[in-house]
Amino acid sequence: MKHFLKETDFTTEELGDLLTLAHDYKHNKASSSQNNVLAGQTWAMLFFKSSTRTRVSFEAGLNDLGGHALFLSQDTSQLSRGESIADTARTLSRFVKGLIIRTFDHKIVEEFAQAGSIPVINGLTDFLHPCQSFSDLLAMAERWGDEKNLLESLKGRKIAFLGDCDCNMAYSLIMAANMGGMEISLAGPEGYAPTEKIEDLLSAEGYFPNHQFTTDPMEAVEGADVVYTDVWVSMGDEDEAAERTEKMKPYCVTSKIMKAAKSDAIFMHCLPAHPGMEVTEEVLEGPQSIVFDQTENRLHMQKAILAHLANAVSDQ
């Protein structure tokens, strides 16, 4: 059974195909068969965390592909009353064609994939956010490349990530950059560096770590094609808000930071953003910002992922 729990669940060749298909969906060139690939199918969306972009983009995408989205929250399912993940996965597998999960511990999506008999998509965990990182690669490739070979346009480019570098977005960008042949440099306070778990995952998947960490934001952005940041306080970290905010202040993406990158560098943020904290409003709303291109691409990339998984199931 094909799942999408982490970036490397697709091969590099498949990533290239996803970029092409997502670009085609975006510009209304996908074939009629691909546009109806989920016709008559119901996919469940099980969310343990609140959401705007993930929920709306998946619901809209499922509808665009001819399918139907069934939204479930942890609180309104029997999981809230102690039913096991395994039993829930086996039950849902009898009702729906696929499952999209947005949750905390990454082991939850792994357990659903192992126990069920339908494709599982990671809509976000505390460890990885692969739908976002692949959508981000699409936004970068469209900025730089030829639509006939979007993947090739990523090779040799540099991403600089500033802020909390021990987070799902940093880890997914490390994974995605590796697959796209890109360099990634991360900058944050001591104690917020990427941990060995991302290196262990890369090694297990046959990739070599391609990232560097520094406490100097100017060093990280030197020569960068992309300056990327995320919120300093993720869901579940609210008790650390004051401490994190104080430590992260030097890593706010300002105009000075952007000027230290390449002259044509782009600014990216997976949103929601907090202007005045991880990024200034001047940068967020400025000409180098492509944050809403990223947002839109969630729809198109996720449609490509859904189509690919549906085709994989039909081929089995």
In the stretch 233-269, the residues that are more than 18 Å from Glu282 (Cα to Cα) and touching a Gly at 6+ places or on another chain (Cβ under 6 Å)
Met248
Looking for whichever is under 21 Å from the mean Cα position of the chain (by Cα) and more than 20 Å from Ile174 (Cβ to Cβ) here; the options are Val279, Val226. Which one fits?
Val279
Go through (1) in contact with a strand residue (DSSP E or B) (Cβ under 6 Å, 6 or more places away or on another chain); (2) more than 30 Å from Lys155 (Cβ to Cβ) for Phe58 and report which single condition fails.
(2)
Looking at (1) touching a His at 6+ places or on another chain (Cβ under 8 Å); (2) surrounded by fewer than 19 Cβ atoms within 10 Å (Cβ to Cβ), which is the only condition Val279 fails?
(2)
When you scan the stretch 74-97, do you find a residue that is surrounded by 16 or more Cβ atoms within 10 Å (Cβ to Cβ), among the aromatic types (Phe, Trp, Tyr) and at pLDDT 95 or above, even just one?
no
Wholly within the stretch 238-316, which helices (runs of 4 or more DSSP H) include no fewer than the required count, namely at least 3 residues that are touching a residue at least 24 places away in the same chain (Cβ under 8 Å), out of contact with any strand residue (DSSP E or B) (no Cβ under 8 Å at 6 or more places or on another chain) and assigned by TED's automatic domain parsing to the domain that holds Pro119?
291-314
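The values are calculated or read from the model by the stated rules, or taken from the named source; none is laboratory data. Keep in mind the model is a prediction, meaning the values are calculated, not measured. Here the Cβ is made from the backbone with ideal geometry for all residues, glycine too, and neighbour counts use every protein chain on show.
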